[in-house]
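Bear in mind that the values in this text are calculations on the coordinates, not laboratory data. Keep in mind that this is a model prediction, so the values were computed, not measured.
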Amino acid sequence: MSKADQDQDFLDAAQQKDRGLIGEFVGFMAENKAWWMAPILIVLGLLGVLLLAGASGIGPFVYVFG
């Protein structure tokens, strides 16, 4: 690969749209074949949603179903 090709690849990568946090995690897991991390992240995300719901006005309704 020539220097000009490397420079063009760098410029193309620099001009791509930012993927965001979730896109970065999915890209990391795909590139490193670390799909075993997906269930852990899903459970942590659901736990976070449950904690936020419990601390808000929805809290009494969450505990009724729990």
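A few comments on the model shown:
- Using distinct alpha-carbon pairs, which all enter the 1/r mean, Kirkwood radius of the chain in Å: 15.5 Å
- Rounded to the nearest 500, the 222 nm mean residue ellipticity of the chain from helices alone is -24500 deg cm²/dmol, with -39,500 (n - 2.57) taken per DSSP H run of at least 4 residues.
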